[in-house]
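A short reminder: the numbers here are calculations on the coordinates, not readings from a lab. Just so it is clear, the model here is predicted, and its values are computed rather than measured. Glycine gets a Cβ as well: all are built from the backbone with ideal geometry, and neighbour counts include every protein chain shown.
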Amino acid sequence: MNPKRKNRLILVLLILAGVGAAVTLGLKALDQNLLYFFSPTQVKAGEAPIGHSFRLGGLVQKGSVVREKDGLTIHFDVTDGPETIAVTYTGILPDLFREGQGIVATGKIDGSTKAGKMHFIANEVLAKHDENYMPPQVQEALDKAHENGKKKLLENAAKTATSQSMPGGNAQ
């Protein structure tokens, strides 16, 4: 190989290595800044990262909103039906925030529990903007939780029916 070709080959390889390094660093930076959405059921299942920011969505559980005396700190529970996560938020809430409302909160699980529930520290809370709208991720999570609840009810009903029809059961 003559020196001119060798220099060109080295230059091309250096350019490819530089572009590869830039792409790798860019993708790594993007991955660290992505905010994934999780429902309370997914968080309880361990799918959500502990110590990293993500979005938690669901309905504000009725009777769970407690305001502290400082006027800015609020504690409430977010549920998707089967599972509930305790949330603490310090700041001004959206005007549409209320019990039974669909919300999406951005923050972190701190690894502790509050009243037997996982504890989520929110740094932003978003509420739906009208009566008919619900963020698609929240609607999907609620629909999935509803389907899982139906399956469990059917399984329990089948078990009950089977145990009652067995000899020695309560069937007449």
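Numbers at a glance
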| quantity | calculated |
| --- | --- |
| Cα-Cα over 23 Å, subset of LYS62/LYS151; LYS62/LYS144; LYS44/LYS151; LYS117/LYS144 | LYS62/LYS151 |
| Dipole magnitude of region 47-147 about its Cα centre (Cβ charges: Lys, Arg +1; Asp, Glu -1), debye to nearest 20 | 320 |
| Sites ASN2 and LEU34 - FRET efficiency at Förster radius 45 Å, r taken between beta-carbons, to 0.05 | 0.40 |
| C-alpha long axis of helix 3-33 to longest principal axis of the chain, angle in ° | 20 |
| DSSP-loop GluC sites (Glu not before Pro) across region 83-127, with at most 13 other Cβ within 10 angstrom | GLU99 |
| Order by protection proxy (mean Cβ within 10 Å, highest first), peptides 21-27, 101-107 | 101-107, 21-27 |
| DSSP bridge pairs, the chain: antiparallel proportion in percent, nearest 5 | 80 |
| Length gained when the stretch ASP143-LEU96 is fully extended (0.36 nm per residue, less Cα-Cα span) | 14.7 nm |
| Angle between the chain longest axis and helix 136-165 axis [Cα atoms, degrees, rounded to 10] | 40 |
| Sparse-neighbourhood loop sites, chymotrypsin sites (Phe, Trp or Tyr not before Pro) in region 1-58 - DSSP loop, at most 14 other Cβ within 10 angstrom | TYR36 |
| Segments 84-92, 3-11, 41-49 sorted - mean Cβ within 10 Å per residue, highest first | 84-92, 41-49, 3-11 |
| Helix-only CD estimate at 222 nm, as mean residue ellipticity for the chain, using -39500 (n - 2.57) per DSSP H run (n ≥ 4) | -13500 deg cm²/dmol |
